[in-house]
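These notes concern the structure reproduced below.
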Amino acid sequence: MGVCWIIIMHTILCFIVSSYHISNGSPFPVLCCTLVSVLSQVYPITAVFLFVVTSYASANAYQTILWDLNVLKNQPMDKEHYDRLISLKKHHVLVCETIDHINNCFGWILGISLLFHFVSIITSSFYLFGNERGREALLEQMDISFFISQILHILLICYPPDLIQEKADAVLKELIQMQIEMREPHKSLTNAFALQADHFFPEVTAVYFYPISGKIIPKIMGTTLTYFIILYQFHSSEKQ
């Protein structure tokens, strides 16, 4: 459903861009290059959408483990309780492996997408706030839409990793609390489970170059402001 929405959205965008260039009598090569640039975004945006879906699935898997642990807290510590803990421990390993697969599968596209959105925010902010007014209303609206879309894409990429870590941290805290109240051999198994959850704490990265989370958003904002000031000063000196 989401992939279909992406295709429909870009089809509408192609129609708007084509109408604008045709009405202004743009050369055919310019029209072709513009359409190709719009359609080329379908692949990375689809990849980001699939990353978000798999990340939410992983966060829900951690949430399921947390719910099961809360249920086990109120059950007698018998053999069934012990077997259920072993099952949850194995389930946790599968979730950690899923996070590794997410990094291996989407790491490159996430790194490139963040770089693209970062540069796009710098350039679009300069066109919106650093240039003189008086442009066509359609171009102004397209620039505003593009600027907002880049911010939304960065938020879309950075929020799911934070959600995964939030759920994983809740599981770890629950295990630490449970091992205090348990007897052997359940205590040793819960302690091993907690060590596993701490050692394999999930982290989504851009091909292991840097972690992806909401913490990079203030850095992007600060760097964007810095480059905006540099471009604005350079543009002002050129006019003088």
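Within the range 85-100, restricting attention to residues that are of a type outside the set (Val, Ile, Thr) and in contact (Cβ under 8 Å) with a residue 40 or more places away in the chain, the residue that is farthest from residue 73 (Cα to Cα) is 96. Being free of Cβ contacts under 8 Å to residues at least 60 places away in the same chain, over 27 Å from residue 81 (Cα atoms) and in contact with a helix residue (DSSP H, G or I) (Cβ under 9 Å, 6 or more places away or on another chain) holds for only one residue in 208, 159, 227, and it is 159. Against the list (1) hydroxyl-bearing (Ser, Thr, Tyr); (2) part of a helix (DSSP H, G or I); (3) within 17 Å of residue 56 (Cβ to Cβ), the condition residue 223 fails is (3). Criterion applied to 98, 123, 64 was being under 30 Å from residue 184 (Cβ atoms), out of contact with any Lys or Arg (no Cβ under 7 Å at 6 or more places or on another chain) and among the polar types (S, T, N, Q), and the one residue passing it is 64.
Only one of the listed residues (187, 167) is assigned to a helix (DSSP H, G or I) and either surrounded by 16 or more Cβ atoms within 10 Å (Cβ to Cβ) or among the small types (Gly, Ala, Ser) (or both). That residue is 167. Taking the range 1-101 and the helices (runs of 4 or more DSSP H) fully enclosed by it, the elements with 2 or more residues that are modelled with pLDDT under 70 and surrounded by 14 or more Cβ atoms within 10 Å (Cβ to Cβ) are at 2-23, 28-39. Within the range 187-200, residues that are touching a residue at least 12 places away in the same chain (Cβ under 8 Å) and under 13 Å from residue 69 (Cβ atoms) sit with their Cβ atoms under 8 Å from residues that are surrounded by 16 or more Cβ atoms within 10 Å (Cβ to Cβ) and polar (S, T, N, Q), at 6+ positions apart or across chains, in these pairs: 190/179; 194/179.
The values are calculated or read from the model by the stated rules, or taken from the named source; none is laboratory data. Remember, it's a predicted structure, so these values are computed and weren't measured experimentally. Virtual Cβ from ideal backbone geometry, glycine too; neighbours counted across all protein chains shown.
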